[in-house]
Amino acid sequence: MIAAFEGWNDAADAATNAIEHLEREWQARPFAAIDPEDYYDYQVNRPTVRLVDGVTRRIDWPTTRLALATVGDREIVLVRGLEPNMRWRAFCEELTAFADELEVDQVVCLAALLADVPHTRPIDVNGSASDEVLAHSLGLTRSRYEGPTGVVSVFHQALADTGRKVVSYWASVPHYFAQPPCPKATMTLLHRVEDVLDVTVPLGDLPEATQAWESDVDALARDDGEIADYIASLELRDDQTAMPEASGEAIARAFERYLRRHDSAD
């Protein structure tokens with residue numbers, strides 16, 4: 001299962017856009033939706049109306065939907081929705097019940113947050129896992145964050161309590177260019193999906209969209225000296241505080257996963 005939720009957990013729509021990309025590229029088949037009545041405040045997340053055939057009106061309710069994709073010999077459940085306004089524990093229990101029914105044994109949660117990071121550097125991703133073995137295999141370090149959290153963390157814990165393997169990834173989106181989309185962050189999250197599931201994700205036009213996004217931010221910086229100076233200060237800070245990104249062992253593990261994915265694709 002791969003899940004993402006709009007709202008607090010989804011800066012620049014980077015995480016839900018990753019799920020939408022997978023739905024499209026893997027031709028996922030919708031099969032279920034959460035009844036929104038118990039979880040959403042419609043004055044906060046209003047339903048929308050649209051025309052069908054130019055005559056009939058249809059109401060689309062804010063909710064969380066599930067789709068099923070077949071990737072090789074594996075079935076993957078894709079969850080895309082909204083962070084609930086209420087009853088988070090019941091909401092997570094309902095999604096966990098789907099995982100039970102479908103015999104899901106591994107879950108990847110995707111999220112994104114606004115951060116003081118430069119757009120000129122690779123997107124920084126923080127991750128957490130349900131156990132030390134899984135964290136070590138993916139080269140993750142223990143998170144030291146304490147404070148307010150979102151439904152992604154609550155869902156992660158609910159799944160981990162059932163004994164499943166769960167990993168959550170948070171991509172850092174430059175806060176000075178936060179309007180969606182952020183294809184660079186979306187593509188980075190998809191690479192993490194590849195690492196966990198040992199599959200190759202077709203990227204479609206995301207590489208070109210990322211180049212265009214970077215060009216747009218570069219143009220913004222050229223037109224605004226204050227932003228340009230701020231970006232330069234972020235780059236300098238990163239250069240001064242940079243540590244080796246991974247040990248030789250972690251790099252070897254990542255390279256082995258890369259080879260397995262591409263061998264299977266061939």
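Structural remarks
- Peptide packing: for 35-48, 53-66, the average count of neighbouring Cβ atoms within 10 Å per residue gives the ranking 35-48, 53-66, highest mean first.
- For Asp131, the residues whose modelled amide H falls within less than 5 Å of its own, excluding neighbours fewer than 5 places apart on the same chain, are Val166.
- Protection proxy ranking of 175-187, 229-241 - average other beta-carbon atoms within 10 Å, highest first: 175-187, 229-241
- Of Glu226, Glu146, Glu75, the residue with the greatest mean-square motion in the GNM of the chain, using alpha carbon springs below 10 Å, is Glu146.
- DSSP beta bridge pairing in the chain, given as percent antiparallel to the nearest 5: 55
- Euclidean distance between Cα centres, the range 125-157 to the range 182-204, Å: 18
- Close amide H contacts of Ala32 (hydrogens built in the peptide plane, cut-off under 5 Å, sequence separation of 5 or more or a different chain): Leu66.
Just so you know, all these numbers are worked out from the coordinates, no wet-lab data involved. Please read these numbers as outputs of a predicted model, since none were measured by experiment. All Cβ positions, even for glycine, are placed from backbone atoms using ideal geometry, and neighbour counts span all protein chains on display.
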